[in-house]
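Reading through the structure tokens given below for one structure.
The values are calculated or read from the model by the stated rules, or taken from the named source; none is laboratory data. Note that this is a predicted model, so its numbers are computed, not measured. Cβ sites come from the backbone with ideal geometry, for glycine too, and all protein chains shown count toward neighbours. For the accessible areas, the whole protein counts, side chains as well, though only heavy atoms, and no ligand, DNA or RNA atoms are used. Shrake-Rupley method; radii C 1.70, N 1.55, O 1.52, S 1.80 Å.
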Amino acid sequence: MTVTVVNPATEETIATLDEAGVEEADAAVARAKAAFPGWRDVTPRERGRLLRRLATLVEENGEGLARIESQNVGKPIAGARGEVAMVADVFHFYAGAVDKKHGETIPVAGGVDMTFREPLGVVGLIVPWNFPLNISSWKLGPALACGNTVVLKPAELTPLSALELARLALEAGIPEGVINVVVGKGRIVGQRLVEHPDVAKIGFTGSTEVGRGVMKGAAETIKRVTLELGGKSANIVFADADLDQAAGAAPYAVFDNAGQDCCARSRILVEHSAYDRFAELLIEATRGVTVGDPTDEHTDMGPLISRQHRETVASFVEGEPLFRGDAPDSKGFWYPCTLVEATNDDRVAREEVFGPVAALIPFADEDEAIRIANDTPYGLSGSIWTSNGARALRVARALDTGVVSINSNSSVRVATPFGGFKQSGFGRELGMHGLDGYSEVKNVFYSTEG
Ligand code: NAD
């Protein structure tokens, strides 16, 4: 069996790989298990040095990695370079974090009580196709820093950058068996990792539907899970906001990565009194998004990941939209930037589109904005645009989401925690919080009596 890897911008096959099954997954787990005692015992200083070396190699090989990611996912090359730069930063951060996650000493009677953060053992990392390298690094960084060994399962559609990263890790001197990549189907290889008795934890990023199955499967062996799932984030624009700025930034917040972004602000909530003006400005800004060849330095948005996914995205647009942009009519899974007007009860506002379709939804006042924003099973990220600082913080506290930005649409930074509320999952990645999910607290009491 083989996996055929396709460039979504040309529909050409760019690689054919052997497809792993249960046997290969088991072998990868066995390699990781054998490597664990050695990796756990590597001194913090040396583990940090190896991660820093990996970060440096990612920088040195940045252009090649960006090209792989651009070809395999259809990402515009400029954006892919930025993503690879973040991958290097993530490894730099966790290289520095290895010896900074301390234990405690706790005052107790009769002795000394102290805590340690112990690695879990073998961890299974299951990642999606939309940010293959970035999301892999968000899990690999803390997992390796804490002393775990890993089996990484990239999405079937986008396995190439993970394989290249594993090669760089060996070149950096990270021992054989510490990072193992298996390329295979989610319901076979992924499922096997979830059920495998020697896998201590699953770090999963993907859809809420599959995440639900991962959580169920993990119950059998009481595996730890971190779930980074879907989103339906609101971009809330109050009438007192700098409308030019809010409208100018809104397309990037939903059309970046062709809308295939769990943080996509695909519900744009606008206060009634500013709605018409904002819609005009938003259409103008969206017209400025250049859709086309991902290898072109000036391209803002590439194609969708697959033909099947394009059909799903198209099914969300019923009737004539408020605005539809241009897209190439050549080969490739192209879909134009699309703006629709909606209520929060419409399917386009309830389900994750995962494509370049944004819904404009009007609201009357602050209370209604909060109610609409929270009226979703998801809770990943969101934005608030206003010039009223008190309101900004009031609304930020009222939103049921893990990440909020004020007068900005950015959700992700290397040093800050990222993760969801509600059905967007649980656990946090990035920053020092990311280490919590890859280590277990051990409490040791040492008697001083006798
Ligand atoms: P998906 O859930 O279909 O697949 C994710 C991964 O899970 C893939 O590697 C897949 O092979 C694997 N998988 C599939 N079935 C499995 C099973 N039964 N057992 C174990 N693993 C299995 O998601 P996708 O289509 O690759 O990615 C898009 C989804 O990911 C969207 O819902 C998006 O919101 C979400 N996402 C979330 C975040 C976040 O941080 N919250 C980030 C990026 C993407």
Self-check item: Positions within region 15-37 being out of contact with any Ser or Thr (no Cβ under 9 Å at 6 or more places or on another chain) and not in a loop (DSSP other than H, G, I, E, B), in sequence order
Solution: Ala20, Val22, Glu23, Glu24, Ala25, Asp26, Ala27, Ala28, Val29, Ala30, Pro37
Self-check item: Breaking point among (1) of a type outside the set (S, T, N, Q); (2) more than 23 Å from the chain's Cα centre (by Cα); (3) within 30 Å of Glu366 (Cα to Cα), for Ile268
Solution: (2)
Practice problem: Report whether or not Val214 is aliphatic (A, V, I, L, M), at pLDDT 95 or above and within 15 Å of the ligand (Cβ to nearest atom). | Solution: yes
Practice problem: Any chance you could count how many residues in region 343-358 are more than 14 Å from the ligand (Cβ to nearest atom) and either touching a helix residue (DSSP H, G or I) at 6+ places or on another chain (Cβ under 8 Å) or open to solvent by less than 50 Å² (accessible area, probe 1.4 Å) (or both)? | Solution: 7
Self-check item: Which listed residue is out of contact with any helix residue (DSSP H, G or I) (no Cβ under 6 Å at 6 or more places or on another chain), in a strand (DSSP E or B) and under 22 Å from Asn235 (Cα atoms), from Ile283, Ile361, Ile372
Solution: Ile361
Exercise. State all residues of region 127-136 that are in contact with a Ser or Thr (Cβ under 7 Å, 6 or more places away or on another chain) and outside any helix (DSSP H, G or I); if no residue qualifies, say none.
Key: Val127, Pro128, Trp129
Quiz item: Given the residues Val73, Val58, Val122, Val87, which is the only one that is touching a Pro at 6+ places or on another chain (Cβ under 8 Å) and crowded, with 18+ Cβ neighbours inside 10 Å?
Solution: Val73
Quiz item: Pick from Pro377, Pro303, Pro356, Pro362: which is touching a Cys at 6+ places or on another chain (Cβ under 6 Å) and not aliphatic (A, V, I, L, M)?
Solution: Pro356
Practice problem: Consider only pairs whose beta carbons are under 9 Å apart and that are at least six residues apart or on different chains; among these, list those whose first residue lies in region 257-279 and is within 11 Å of the ligand (Cβ to nearest atom) and whose second residue is acidic (Asp, Glu). | Solution: Cys262/Glu228; Cys262/Glu352; Ala264/Asp256; Ala264/Glu352; Ser266/Glu352
Self-check item: Long-range neighbours under 8 Å by Cβ, at least six apart or interchain, first residue at positive phi and crowded, with 22+ Cβ neighbours inside 10 Å within region 412-437, second part of a loop (DSSP other than H, G, I, E, B) and of a type in the set (Asp, Glu)
Solution: none
Quiz prompt | Filter result for the condition that a residue is more than 8 Å from the ligand (Cβ to nearest atom), more than 30 Å from Val404 (Cβ to Cβ) and open to solvent by less than 10 Å² (accessible area, probe 1.4 Å), over Ile174, Ile222, Ile188, Ile236 | solution = Ile174
Quiz prompt | Residue pairs meeting the criteria (Cβ under 7 Å; at least 6 apart or on separate chains; first over 11 Å from Gly259 (Cα atoms) and modelled with pLDDT under 95, in region 329-356; second open to solvent by 70 Å² or more (accessible area, probe 1.4 Å) and not acidic (Asp, Glu)) | solution = none
Exercise. Kindly indicate whether Arg81 is under 25 Å from Thr13 (Cα atoms), among the charged types (D, E, K, R) and either open to solvent by less than 20 Å² (accessible area, probe 1.4 Å) or at pLDDT 95 or above (or both).
Key: yes
Practice problem: Can you run down the residue pairs with Cβ atoms below 9 Å, 6 or more apart or on separate chains, where the first is in region 149-166 and within 12 Å of the ligand (Cβ to nearest atom) and the partner is open to solvent by 10 Å² or more (accessible area, probe 1.4 Å) and of a type in the set (Ser, Thr, Tyr)? | Solution: Leu157/Ser306
Practice problem: Could you tell me which of the residues Glu23, Glu69, Glu46 is under 30 Å from Gly147 (Cα atoms), in contact (Cβ under 8 Å) with a residue 60 or more places away in the chain and not hydroxyl-bearing (Ser, Thr, Tyr)? | Solution: Glu69
